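The values are calculated or read from the model by the stated rules, or taken from the named source; none is laboratory data. Model, not experiment: these values are computed from the prediction. Cβ coordinates were reconstructed from backbone atoms using ideal geometry, including for glycine residues, and neighbour counts include every protein chain displayed.
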Amino acid sequence: MKIEHDILPHSTQRLEKILRKLDEELIPKLSERVSVKEYAAKLTVHAEIYYVVEHGEDIANAAVYMNEKGKGFISSFGVLPKYQRIGAGRILMRRILCDAKQKGIEELSLEVFDENERAVRFYYAQGFVAEGKKGKWLRMKYRTEIEKRKREKEQKENEKGEKMGKTVNLKRTAFCITQRCTLRCKLCLAFIPYYKDPKDVTREEAERVLDNYFQVVDVADVFTITGGEPLMNKDLVPILEKLYTYTPEQVKRVDFVTNGTLKIPEEVLDVFERNKEKTRIVLSDYGELSSKIDWVENQLTEREIPYRVSKFHGNDLYFDGWIDFTDHSRKIDTIEERDAMSQQCIHSVGKYFLINEGELHSCSRSYWRMRQGIIPKNPEEYVPLMDQAIPVEEKRETVRKMLIQKSSESCAHCVGLRNGVKRCYPAEQLP
């Protein structure tokens with residue numbers, strides 16, 4: 001492969017030809033937004049045009065405006081499908097970034113459709129960061145000095161990671177097996193009442209999720225089954241049985257969170273009792289709302305199944321009460337402030353990971369904000385466990401980076417699970 005940097009006067013026909021070839025692969029199609037012929041003509045007059053050539057054929061193309069002092073804009077960038085995943089895109093982007101730096105370009109911007117996850121993932125990997133959204137278009141920017149500092153930081157972190165070894169060990173992971181609940185808590189940490197179409201994880205789905213998770217993660221110190229209310233999932237028994245097939249070296253302890261509104265079925269208690277040496281039931285006690293909690297406690301005591309109670313009614317509330325996380329507006333502008341706040345958050349410092357809808361996230365708020373489109377799906381801040389197109393080692397490396405990160409984009413939209421933040425009385429019910 002070689003790169004050709006087309007020099008003025010550009011060939012409009014050559015550019016139009018590859019743009020039409022790329023049109024079918026673009027999301028959305030270029031031809032649905034502009035006249036390809038007129039667009040090509042405009043670019044050949046004002047932009048820097050690049051081609052990647054293989055055996056005499058143009059296989060990739062980019063058009064970049066570099067005529068504004070200190071700033072540039074990538075107007076188009078694409079690789080023909082059969083040449084993707086062989087490095088053509090990376091080679092082309094490296095050349096563009098190198099030329100931009102030589103021309104004194106400090107900021108290089110682009111816009112990408114937020115549903116084009118492969119393209120978004122690629123740009124993040126090249127050092128671009130999200131700067132905001134305009135409708136469904138994600139604005140991304142590359143800053144020369146910021147990227148330089150980032151690479152220096154990554155080098156130090158990689159050196160630290162090598163010293164720590166390559167094992168992926170997560171202290172805490174919660175697996176949401178249902179988006180349904182018996183309660184409708186206004187300030188639910190998992191935002192359960194706000195799902196428009198709540199779903200349960202099926203036995204087959206859970207087996208695939210767990211198998212993919214344990215390809216990525218070597219050791220889970222505490223693996224928690226949660227929801228919603230996990231007792232509402234009709235496949236709970238086979239899901240638990242699958243989880244208990246993993247060795248004590250892979251799963252050191254299984255926690256199960258329930259709200260005391262339902263009796264634990266006999267067959268579920270049997271599973272817990274058979275595996276009680278590495279099981280703990282976590283009971284959320286909401287007073288009158290948790291009408292079955294005494295019955296549940298008696299059963300657990302009788303069977304000698306370990307449990308603890310988190311008290312969320314009356315006085316002496318667990319963690320002094322709940323925090324309102326429903327305001328998702330951006331609250332922090334700088335990474336330094338974001339890192340400082342995050343290092344006070346129990347979930348951030350303790351690395352409370354969450355699996356929901358087949359994705360591994362740093363916490364429930366980050367998952368929810370990505371799901372709702374409040375923040376972009378940064379491929380360095382979550383792992384699509386079920387995506388077989390991503391190599392396992394790449395997923396493992398993403399988790400390693402997440403473990404080292406002091407904060408994520410979600411933290412800029414959060415008040416944090418920390419001291420000094422206003423507490424609310426737990427379990428206020430929505431109508």
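Yes or no: residue 217 in contact (Cβ under 8 Å) with a residue 40 or more places away in the chain and out of contact with any helix residue (DSSP H, G or I) (no Cβ under 9 Å at 6 or more places or on another chain)? No: the conditions fail for residue 217. Considering the conditions (1) exposed (fewer than 13 other Cβ atoms within 10 Å of the Cβ); (2) within 18 Å of residue 139 (Cβ to Cβ); (3) modelled with pLDDT of 90 or more, residue 28 is excluded by exactly one of them, (3).
At least 3 residues that are crowded, with 18+ Cβ neighbours inside 10 Å in each: list the helices (runs of 4 or more DSSP H) lying fully within the range 301-405 that qualify. Let's see the steps before the verdict.
Details: elements: 335-342, 346-350, 364-371, 392-404.
Result: 335-342, 364-371, 392-404.
Yes/no per residue for (1) at pLDDT 90 or above; (2) under 30 Å from residue 371 (Cβ atoms); (3) small (Gly, Ala, Ser):
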{"position": "38", "(1), (2), (3)": "yes, no, no"}
{"position": "54", "(1), (2), (3)": "yes, no, no"}
{"position": "63", "(1), (2), (3)": "yes, no, yes"}
{"position": "79", "(1), (2), (3)": "yes, yes, no"}
{"position": "118", "(1), (2), (3)": "no, yes, no"}
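Quick check: anything in the range 397-404 more than 24 Å from residue 340 (Cα to Cα), assigned by TED's automatic domain parsing to the domain that holds residue 195 and free of Cβ contacts under 8 Å to residues at least 12 places away in the same chain?
First, pick out the residues of the range 397-404 that are more than 24 Å from residue 340 (Cα to Cα): 397.
With assigned by TED's automatic domain parsing to the domain that holds residue 195 added as a condition, the list becomes 397.
Of the ones still in play, those that are also free of Cβ contacts under 8 Å to residues at least 12 places away in the same chain are 397.
The answer is yes; a qualifying residue exists.
Any residue in the range 335-350 that is under 10 Å from the mean Cα position of the chain (by Cα), touching a residue at least 40 places away in the same chain (Cβ under 8 Å) and in the same structural domain as residue 190 (by TED's automatic domain parsing)? No: zero hits. The residues listed here are 273, 241, 288, 266; of these, the one that is in contact with a Lys or Arg (Cβ under 7 Å, 6 or more places away or on another chain), more than 30 Å from residue 373 (Cβ to Cβ) and not aromatic (Phe, Trp, Tyr) is 273.
Of the residues screened, residue 420 is not one that is under 28 Å from residue 180 (Cα atoms) and among the small types (Gly, Ala, Ser).
Which is buried (at least 17 other Cβ atoms within 10 Å of the Cβ), more than 25 Å from residue 425 (Cβ to Cβ) and assigned by TED's automatic domain parsing to the domain that holds residue 298, of 233, 259? Let's see the steps before the verdict.
Details: 259 fails: more than 25 Å from residue 425 (Cβ to Cβ).
That would be 233, the only listed residue that is buried (at least 17 other Cβ atoms within 10 Å of the Cβ), more than 25 Å from residue 425 (Cβ to Cβ) and assigned by TED's automatic domain parsing to the domain that holds residue 298.
The single residue among 211, 197 that is part of a helix (DSSP H, G or I), surrounded by fewer than 18 Cβ atoms within 10 Å (Cβ to Cβ), out of contact with any Cys (no Cβ under 7 Å at 6 or more places or on another chain) and free of Cβ contacts under 8 Å to residues at least 24 places away in the same chain turns out to be 211. On the stretch given as the range 388-431, residues that are farther than 23 Å from residue 349 by Cβ and more than 13 Å from the chain's Cα centre (by Cα) total 13.
Return yes or no: is residue 325 farther than 24 Å from residue 412 by Cα, among the aromatic types (Phe, Trp, Tyr), assigned by TED's automatic domain parsing to the domain that holds residue 270 and at pLDDT 95 or above? Spell out how you get there, then give the answer.
Values: farther than 24 Å from residue 412 by Cα: no; among the aromatic types (Phe, Trp, Tyr): yes; assigned by TED's automatic domain parsing to the domain that holds residue 270: yes; at pLDDT 95 or above: yes.
Here the answer is no, as residue 325 does not meet what is asked.
For the structure I just gave you, tell me whether residue 265 is in contact with a helix residue (DSSP H, G or I) (Cβ under 8 Å, 6 or more places away or on another chain), farther than 20 Å from residue 290 by Cα, free of Cβ contacts under 8 Å to residues at least 40 places away in the same chain and surrounded by fewer than 17 Cβ atoms within 10 Å (Cβ to Cβ). No. When 204, 162 are checked against the criterion of being modelled with pLDDT of 90 or more and surrounded by fewer than 13 Cβ atoms within 10 Å (Cβ to Cβ), 204 stands alone in meeting it.
Give 185, 176 a once-over and let me know the one that is crowded, with 16+ Cβ neighbours inside 10 Å, under 13 Å from residue 355 (Cα atoms) and touching a strand residue (DSSP E or B) at 6+ places or on another chain (Cβ under 7 Å). It would help to see each step written out before you state the result.
Numbers: 185 fails: under 13 Å from residue 355 (Cα atoms).
Selected residue: 176, the only one of 185, 176 that is crowded, with 16+ Cβ neighbours inside 10 Å, under 13 Å from residue 355 (Cα atoms) and touching a strand residue (DSSP E or B) at 6+ places or on another chain (Cβ under 7 Å).
Restricting the range 185-223 to residues that are more than 19 Å from the chain's Cα centre (by Cα) and among the hydroxyl-bearing types (Ser, Thr, Tyr) leaves a set whose member that is nearest to residue 171 (Cα to Cα) is 202.
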